[in-house]
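Enquirer: Structure below; questions to follow.
The values are calculated or read from the model by the stated rules, or taken from the named source; none is laboratory data. The model shown is predicted, which means the values in this text are computed figures rather than measured ones. We place every Cβ from the backbone using ideal geometry, glycine too, and count neighbours over all the protein chains shown.
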Amino acid sequence: MHDKLTQSHNIHPVQIVGAGPGAADLLTVRAVRCIGQADVVLHDNLVSADILALCRKDAELIYTGKKYGDAIDPVERQQHIHELMAEHAANGKKVVRLKSGDPFIYGRAAEEVRYLQEHNIAFEVVPGLTAGIAAASLCQVPLTERNRSKAVLFCTGHTANYDFEQLEALANMLRTGTSLVMYMGLSNLPKVIAKLQVAAGAETIYVTAVSQVSAPTQQTVTATLSEIEAALTSRPLPMPVVFIIGKYADLL
């Protein structure tokens with residue numbers, strides 16, 4: 001726990017909790033305890049109904065959005081979330097800020113932590129299982145393996161905006177066995193694939209796409225870098241989708 005409780009204005013620390021990829025039985029024990037004790041739960045769009053069912057019957061559940069394409073200004077929405085955390089904490093409530101995956105992997109938790117620090121509000125961060133790691137295990141795609149893949153790199157679909165030198169650096173890492181886990185990449189996939197193909201040259205690189213990780217509706221498509229677009233055209237996957245890319249990213 002962040003050690004500011006004695007100096008802060010709130011009785012209970014705000015708990016920023018990782019909800020994992022979606023399945024309730026992939027929550028950490030600590031996350032389950034925090035969720036079950038909370039008076040107020042501020043939850044994102046991707047937190048599953050099974051996880052929200054673990055909240056107390058009298059808990060106040062506040063939907064904070066973050067749905068792809070919802071056209072809400074992200075800066076304003078994030079500021080509103082900050083204010084909600086502060087308001088309920090000041091009223092003596094046990095507040096859980098519930099985020100899918102892990103709070104510090106593309107979860108904007110750093111912004112929330114800075115806000116809480118600046119306003120002298122006690123908090124703790126509870127880790128969660130990020131979707132990329134869960135997808136790899138559930139689909140049996142080793143992200144690292146002795147004498148093959150020695151490193152893992154996390155990125156987002158914004159990789160599509162990288163210049164050629166940046167993409168070439170990524171391609172060089174892929175050629176040496178590094179595994180690339182890409183979040184939020186479905187809409188930008190054609191651009192990412194086209195650039196990586198040029199940068200990777202003739203090297204055979206595999207892509208495993210995993211949709212709705214850990215849900216009963218989870219689906220997986222695996223193809224080479226040159227074939228993945230066609231594979232996803234013939235079998236479209238619903239969002240969210242995580243991509244595992246690498247020389248050894250085909251299924252065991």
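Enquirer: From 87, 118, which residue is assigned by TED's automatic domain parsing to the domain that holds residue 58 and more than 29 Å from residue 52 (Cβ to Cβ)?
Expert: 118
Enquirer: Take residue 22 and decide whether it is farther than 14 Å from residue 97 by Cβ, part of a helix (DSSP H, G or I) and not acidic (Asp, Glu).
Expert: So residue 22 fails the test.
Enquirer: Here's a follow-up. Going by the structure shown, is residue 125 modelled with pLDDT of 95 or more, assigned by TED's automatic domain parsing to the domain that holds residue 17 and aliphatic (A, V, I, L, M)?
Expert: Here the answer is yes, as residue 125 does meet what is asked.
Enquirer: Out of everything in the range 97-118 that is over 16 Å from the mean Cα position of the chain (by Cα) and in contact (Cβ under 8 Å) with a residue 40 or more places away in the chain, what residue ends up being surrounded by the most Cβ atoms within 10 Å (Cβ to Cβ)?
Expert: Residue satisfying both the conditions and the ranking: 116.
Enquirer: Step by step: first the residues of the range 128-177, then only those that are modelled with pLDDT under 95 and of a type in the set (S, T, N, Q), then the one that is farthest from residue 237 (Cα to Cα). Which residue is that?
Expert: Applying the filter and picking the extreme gives 147.
Enquirer: Somewhere in the range 28-39, is a residue within 24 Å of residue 134 (Cα to Cα), within 18 Å of the chain's Cα centre (by Cα) and at pLDDT below 95?
Expert: No, the range 28-39 contains no residue that is within 24 Å of residue 134 (Cα to Cα), within 18 Å of the chain's Cα centre (by Cα) and at pLDDT below 95.
Enquirer: Which residue pairs have Cβ atoms closer than 7 Å, lie 6 or more positions apart in sequence or on different chains, and pair a first residue in the range 143-171 that is among the basic types (Lys, Arg) with a second residue that is part of a helix (DSSP H, G or I)?
Expert: No pair meets every condition.
Enquirer: On to the next question. Could you tell me whether residue 2 is closer than 16 Å to residue 103 by Cα, at pLDDT below 95, surrounded by fewer than 18 Cβ atoms within 10 Å (Cβ to Cβ) and not small (Gly, Ala, Ser)?
Expert: yes
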